[in-house]
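Enquirer: Take a look at this one; I'll ask things after.
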Amino acid sequence: MATEDENPSQPDITAMLKGQTSASKAARDAIAAGGEVALYDGQPPQWMVLGIAATRLRRSLKIGLTTLGLDETVEILRARHRDEQLRTGNIVAADRSWLFTLYFDATETELMACSGVKNERPSRGGRSEAPAVEAATRVHRRRCEAGNALQDRQ
């Protein structure tokens with residue numbers, strides 16, 4: 001993954017994180033501390049991105065993971081048009097303690113929401129076969145790729 005400074009074509013994520021959710025400041029701090037920023041090329045539809053975020057929220061609550069802004073993100077995404085194409089990205093904290101997910105409009109000119117999930121062992125009811133950051137990143141990438149394949153077929 002390239003950091004934001006290594007890829008000049010990326011928008012200025014730090015400047016775009018302006019309090020959309022309670023995770024915005026922590027995400028800015030993660031970038032400032034050397035966190036890795038990755039923006040994904042695909043443009044999955046709103047309904048798919050909302051489904052991923054809502055599932056992540058339910059699962060995190062069920063197994064006791066610490067989150068920032070995930071509930072706010074679900075509400076923000078829920079208010080968007082169902083057929084709208086979105087872009088997403090991630091920030092992985094330099095110490096890998098947090099994974100932040102970024103939610104943009106299709107042109108990456110508006111950062112709509114930001115959520116964070118702490119990389120920790122579940123506190124209740126769940127098994128963790130891989131740390132939360134790596135597992136969440138893998139699932140997010142797979143679902144974005146599935147959305148791209150769906151979009152290509154249409």
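Enquirer: All but one of (1) at pLDDT 95 or above; (2) more than 15 Å from residue 113 (Cα to Cα); (3) of a type outside the set (Asp, Glu); (4) open to solvent by 50 Å² or more (accessible area, probe 1.4 Å) hold for residue 8; state the number of the condition that does not hold.
Expert: (1)
Residue-wise test of (1) of a type outside the set (Lys, Arg); (2) under 12 Å from the mean Cα position of the chain (by Cα); (3) open to solvent by 40 Å² or more (accessible area, probe 1.4 Å).
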position	(1), (2), (3)
18	no, no, yes
27	yes, yes, no
38	yes, yes, no
72	yes, no, yes
79	yes, no, yes
92	yes, yes, no
96	no, no, yes
114	yes, yes, no
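Enquirer: Right, something else. Give region 65-86 a look and list any residue that's within 18 Å of residue 55 (Cα to Cα) and of a type outside the set (A, V, I, L, M), or say none. If you could, list the steps in order and put the result at the bottom.
Expert: Step one: of region 65-86, the residues within 18 Å of residue 55 (Cα to Cα) are 65-80, 82, 86.
Passing the criteria: 66, 67, 69, 71, 72, 73, 75, 78, 80, 82.
Enquirer: For region 41-70, enumerate the residues that are within 13 Å of the chain's Cα centre (by Cα), within 21 Å of residue 120 (Cβ to Cβ) and among the β-branched types (Val, Ile, Thr).
Expert: 52, 55, 67
Enquirer: Continuing with this model, one more query. Considering only residues that are touching a Pro at 6+ places or on another chain (Cβ under 8 Å) and crowded, with 19+ Cβ neighbours inside 10 Å, which ones fall in region 58-70?
Expert: The first filter runs over region 58-70 and keeps only residues touching a Pro at 6+ places or on another chain (Cβ under 8 Å), leaving 63-65.
Of everything in region 58-70, just one residue is touching a Pro at 6+ places or on another chain (Cβ under 8 Å) and crowded, with 19+ Cβ neighbours inside 10 Å, namely 65.
The values are calculated or read from the model by the stated rules, or taken from the named source; none is laboratory data. Just so it is clear, the model here is predicted, and its values are computed rather than measured. Note that each Cβ is placed from the backbone with ideal geometry, even for glycine, and that neighbours are counted across all protein chains shown. Each accessible area value is taken on the protein alone, full model and side chains, heavy atoms only, with ligands, DNA and RNA left out. Shrake-Rupley method; radii C 1.70, N 1.55, O 1.52, S 1.80 Å.
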